[in-house]
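My structure is below; once you've seen it, I'll send some questions.
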Amino acid sequence: MVVEADHLEQTDEKQTSTGEVIQTSRGGSNLRFPAELFHSIFSHILHGNLAEESPKKALENLTLTCKVFYHLAQPLLFDSCTFPISRTWKPPPEEGVIYPSHADPIPMNIIPLSVQESEDTLHKLCFIGQERIATAVRHCRLAPIAYPEYSTPVDDHCQEDAHEHTIVDRFFRDIIPKLSNLRILELVHVTLGPSHLRLLHGVCVQLHSLCSETCFLQDDDEMRLEDHNHFGAMLSVKNLICKRTIHPGNRKMYLPLPHPTHVESLSYHFFSFRRRGLSHSMEGRERVLFRQLTAMGKFTSLRSLDVTIRPYGAVCDWRQFISTHCCLIESLSMQRHTKVNISFVAPHDLPSLKLFRGMWDDVRFYALQQGGLRHLIVTGKRADAAEDGLRNHPILRHSDVLAGLNGRRDEFACLESLELKIWNALEKIIAPIFNCCPRLRALKLIGNTSFGVGLSSLSSVFIAVTLCPDIEYLSLPQFHIELGQRASLESMISSSSVHLRTQCPKLHYVHFELREEMPMTKGSRSPVMKNSDVRFDPTDDRILTVEHTIEDWRSRVWNE
């Protein structure tokens, strides 16, 4: 069934097998409709006593039931809402100009809303402001239409737009105080003044998560730490995410700071483009952030810290901050600047991590010296350097991983999950990984080339997997099979499942990408290749149609 309403995307509704809970999925969230309303409607349709009720009376009762359902269910459709404040526009490239693939992308423009678009947003604000609707809102987003990822350069052409100012003022003054059940707030490319910051501070007490992406200040100067205190901008929120794109212009950017005793997850993502002046500006902003967080005192509830500086990495030694201010930290995401001279030896009181996400060259620097690492996510070899070009871009190779694992069994002894993005992964890397990580329970390899060619390569991988009897989750890169081998592949999976469920009884999910050669069509000069995903459960030789992510697996075992 599809529900359509003004300013809403389409909504797919599903009924559970018992019929007691009706859930609607929109944007990753589930809406729970009161099942008794559906039962009442179905009762009128299926069991109405037409002999005792006139057709008119039966229709009146059904209409009344539908009105009650509409009144109760309509607010649930607005659990997540977005308010446009401007729009994006990408100018076409100049005729005859060719941009190399390693150059910065063409900037997108932020332009004002049209009069009609502005009126539509104000109308939506009025509608959401109704008490019956406002109390159902859980997730709210204030952003330009079709705003790109924060790694895309943006030129702002509506800095003084009156429509945007009116929408932002109305949202903070009239709407925010009414959203009593708001849990997630996203502010994207929004200009904030002192009154907005005071209202933001008030609503953060009830928020679970706040995301500020490349937001600006109305004032002439960036706020100092004492200014944040003055405007009530020490935000008492559990999860704070700040994304900032450093781009040309003289606009002053907003840097949200958390309350050190409330925040549990803290993320700062700074991105600059490959221009000398901008990269220096980013380094300065990172140092400002480092000083401000250090001056705030101990973070007594912080469990997760993510400081992502792209493309060149962090210039500050964040281990010092972690060791003195974040004694309870469990998860760290970080990449180190390649040209900064920071001591390899970690502070003696650096906390042991459950999870580290970063570059292969930085694993020992941030995560292995203190021992106890359980989950490792490797996204590359090292951070980019200013002199790197298209031909010498740093990539993680098979040989780098083998060298890093050699003789490190003690350092990886506690590792339970490994997610590795590797350029030229080969099937022979499986055995060294399992030998070095004896407690490994989940492995995901992401490759840029074929992991193996032919059924023999896939079979050798399954044989190597039996070296790790505790493995539960396995996801592999691409395998290449030739024309006519599909039936043999299915037979091999069936026979391999017998050995896997005997040697690895806990393994319930195996996935690999398949690149299959298809028959040549008439007129084609080269074989046609088909890509697909193969998923199966070796315990019962069952083909799986639903993807299981390693993130879900980590969440399930996190507190074990």
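The values are calculated or read from the model by the stated rules, or taken from the named source; none is laboratory data. Worth saying up front: this structure is predicted, and the values here are computed from it rather than measured. Glycine also receives a Cβ, built like all others from the backbone with ideal geometry; neighbour counts cover every protein chain displayed.
Kindly list the number of the only condition in (1) surrounded by 20 or more Cβ atoms within 10 Å (Cβ to Cβ); (2) over 29 Å from Pro527 (Cβ atoms) that fails for Ser496.
Going through the list (1) surrounded by 20 or more Cβ atoms within 10 Å (Cβ to Cβ); (2) over 29 Å from Pro527 (Cβ atoms), Ser496 breaks only (2).
A follow-up question, please. What single numbered condition from (1) modelled with pLDDT of 90 or more; (2) part of a helix (DSSP H, G or I); (3) of a type outside the set (A, V, I, L, M, F, W, C) fails to hold for Ser460?
(1)
Just to check your reading of the model, which residue among Val307, Val378 is touching a Leu at 6+ places or on another chain (Cβ under 6 Å), part of a strand (DSSP E or B) and closer than 24 Å to Ile241 by Cβ? Full working, then the answer.
Values: Val307 fails: touching a Leu at 6+ places or on another chain (Cβ under 6 Å).
Testing whether each residue is touching a Leu at 6+ places or on another chain (Cβ under 6 Å), part of a strand (DSSP E or B) and closer than 24 Å to Ile241 by Cβ leaves just Val378.
To continue, here is another question. Could you tell me whether any residue of the range 329-345 is over 26 Å from the mean Cα position of the chain (by Cα) and surrounded by 19 or more Cβ atoms within 10 Å (Cβ to Cβ)?
The answer is no, given that none of the residues of the range 329-345 is over 26 Å from the mean Cα position of the chain (by Cα) and surrounded by 19 or more Cβ atoms within 10 Å (Cβ to Cβ).
Right, next: Name the single residue that is nearest to Ile128 (Cα to Cα) among those in the range 177-202 being surrounded by 20 or more Cβ atoms within 10 Å (Cβ to Cβ) and among the β-branched types (Val, Ile, Thr).
Here the residue is Val190.
Looking at Leu474, is it hydrophobic (A, V, I, L, M, F, W, C), under 18 Å from Lys428 (Cβ atoms) and at pLDDT below 90? Outline the logic, then answer.
Details: hydrophobic (A, V, I, L, M, F, W, C): yes; under 18 Å from Lys428 (Cβ atoms): yes; at pLDDT below 90: no.
Answer is no for this residue.
Condition check: at pLDDT 90 or above, over 26 Å from Asp384 (Cα atoms) and part of a helix (DSSP H, G or I). Does Thr324 satisfy that? Walk me through how you get there before you give the answer.
Working: at pLDDT 90 or above: yes; over 26 Å from Asp384 (Cα atoms): yes; part of a helix (DSSP H, G or I): yes.
Considered against the rule, which asks whether it is at pLDDT 90 or above, over 26 Å from Asp384 (Cα atoms) and part of a helix (DSSP H, G or I), Thr324 comes out as yes.
Residues of the range 540-560 being in contact (Cβ under 8 Å) with a residue 40 or more places away in the chain, closer than 18 Å to Cys504 by Cβ, part of a loop (DSSP other than H, G, I, E, B) and not charged (D, E, K, R), which ones?
Selection gives His548 alone.
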